[in-house]
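What follows is a set of notes on a single structure, which appears directly below.
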Amino acid sequence: MKKHIISPLDLTCGEIEELLHLSARIMENPQQFAHKCDGKILATLFFEPSTRTRLSFESAMLSLGGQVLGFSSANSSSTAKGESLSDTVRTVECYADIIAMRHPKEGAATVAATKLECPLINAGDGGHQHPTQTLTDLLTIHQLKGRLDNLTIGLCGDLKFGRTVHSLIRAMMRYTGIRFVLISPPELTLPEYIRSDLEAGGFPVIEAERLEEVMPQLDILYMTRVQKERFFNEEEYLRLKDSYILDTDKMRLAKEDMIVLHPLPRVNEISTKVDDDPRAAYFKQARFGRFVRMALILKLLEVE
């Protein structure tokens, strides 16, 4: 396995399978792994707000017997004084064995990794990649659908800036029988460079502006929020933020075994009434994130 995990493509399909298998073992018997990282320290460098990702990394390391240090906003780090990202990560490496970093700029994790000897995990870089969310998504799909192939995946909402969507597409392109259904307003369609890769790979792609039209086809519906922080124009954000709202009426159009995923946080794109539907899996998905991050930490620190 590579030392740094910047993109889902840094992991082979075999390595992903190993991580999912290890995650399942941890879920079955967490006490077996409770001291695997005794004496190890994880640094969480979050230059951008986060709840699930940061806390799940911290929970993962604490559950393995390790310790955690770090910061949760750029304002509480020396970058607020003008320190470079390179100097920040090189300094933190003096105090930690592994680093998880989130940054608002695309490519920041790649730059940081070139300066480090200890493993770096990209916890999200702008609208680019989010590999551990993708591992969480893959574990959830595998646990609930029993496979990672022969699936029709609907991706709905902000496909332009949604790094979780970009990462998931990259990962799922390596499995057979995958069909992508892209549901977004024209202003938030998938970036051209990912679209070109889908075309080059010969993947069946359906595009739609109305969720109702494609719901009956889907095995998985991956909802995303319209991300206010990626917009330069608030008026444009306000115009698009309510483009898609999943409610109980739309859920009646879906297959009985379809699952609804969402990387969270949710704003209003999924009605809270949908939470009671057994097909709503986004809180299970959040829970699985802790276990898959435990597995990744174990592998990168070579203690499992």
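Among the residues of segment 132-183, those identified as assigned to a helix (DSSP H, G or I), open to solvent by less than 40 Å² (accessible area, probe 1.4 Å) and within 21 Å of ARG25 (Cα to Cα) are THR132, GLN133, THR134, LEU135, THR136, ASP137, LEU138, LEU139, THR140, ILE141, LYS145. Scanning segment 1-40 for residues that are within 26 Å of GLY107 (Cα to Cα) and in a helix (DSSP H, G or I) gives PRO8, LEU9, ASP10, CYS13, GLY14, GLU15, ILE16, LEU19. If you go through segment 269-304 one residue at a time, how many are of a type outside the set (Phe, Trp, Tyr), open to solvent by 60 Å² or more (accessible area, probe 1.4 Å) and not in a loop (DSSP other than H, G, I, E, B)? Summing the residues that are of a type outside the set (Phe, Trp, Tyr), open to solvent by 60 Å² or more (accessible area, probe 1.4 Å) and not in a loop (DSSP other than H, G, I, E, B) in segment 269-304 gives 6. Apart from one condition, PRO8 fits all of (1) more than 18 Å from THR140 (Cβ to Cβ); (2) open to solvent by less than 30 Å² (accessible area, probe 1.4 Å); the exception is (1).
Checking the conditions here, which among ALA43, ALA96, ALA109 is among the aliphatic types (A, V, I, L, M), assigned to a helix (DSSP H, G or I) and touching a Leu at 6+ places or on another chain (Cβ under 9 Å)? Even if it seems obvious, please write down each step before you answer.
Details: ALA43 fails: assigned to a helix (DSSP H, G or I); ALA96 fails: assigned to a helix (DSSP H, G or I).
One residue alone meets the criteria, ALA109.
In segment 1-43, of all residues being over 16 Å from the mean Cα position of the chain (by Cα) and β-branched (Val, Ile, Thr), the one that is farthest from VAL68 (Cα to Cα) corresponds to THR12.
Can you find even one residue in segment 63-83 that is open to solvent by 60 Å² or more (accessible area, probe 1.4 Å), under 18 Å from PHE291 (Cα atoms), touching a residue at least 12 places away in the same chain (Cβ under 8 Å) and within 16 Å of the chain's Cα centre (by Cα)? Within segment 63-83, none of the residues are open to solvent by 60 Å² or more (accessible area, probe 1.4 Å), under 18 Å from PHE291 (Cα atoms), touching a residue at least 12 places away in the same chain (Cβ under 8 Å) and within 16 Å of the chain's Cα centre (by Cα).
Keeping to segment 49-62, report how many residues are open to solvent by 20 Å² or more (accessible area, probe 1.4 Å) and not hydroxyl-bearing (Ser, Thr, Tyr).
From segment 49-62, those open to solvent by 20 Å² or more (accessible area, probe 1.4 Å) are 49-52, 54-55, 58-59, 62; that's our starting set.
With not hydroxyl-bearing (Ser, Thr, Tyr) added as a condition, the list becomes 49, 52, 54-55, 58, 62.
Final tally of qualifying residues: 6.
Consider segment 246-268 and keep the residues that are within 20 Å of THR134 (Cβ to Cβ) and not aliphatic (A, V, I, L, M). The one that is least open to solvent (accessible area, probe 1.4 Å) is HIS262.
Would you confirm, using the coordinates I've provided, whether TYR244 is part of a helix (DSSP H, G or I), at pLDDT below 90, over 16 Å from the mean Cα position of the chain (by Cα) and farther than 28 Å from ALA60 by Cα?
On the way: part of a helix (DSSP H, G or I): no; at pLDDT below 90: yes; over 16 Å from the mean Cα position of the chain (by Cα): yes; farther than 28 Å from ALA60 by Cα: yes.
For TYR244, the condition - part of a helix (DSSP H, G or I), at pLDDT below 90, over 16 Å from the mean Cα position of the chain (by Cα) and farther than 28 Å from ALA60 by Cα - is not met.
The values are calculated or read from the model by the stated rules, or taken from the named source; none is laboratory data. The structure presented is a predicted model; accordingly, all values stated were derived computationally and were not measured. Neighbour counts are summed over all protein chains in view; Cβ atoms, including those assigned to glycine, are modelled from backbone coordinates with ideal geometry. Accessible surface areas use protein heavy atoms only, side chains included; no ligands, DNA or RNA. Shrake-Rupley method; radii C 1.70, N 1.55, O 1.52, S 1.80 Å.
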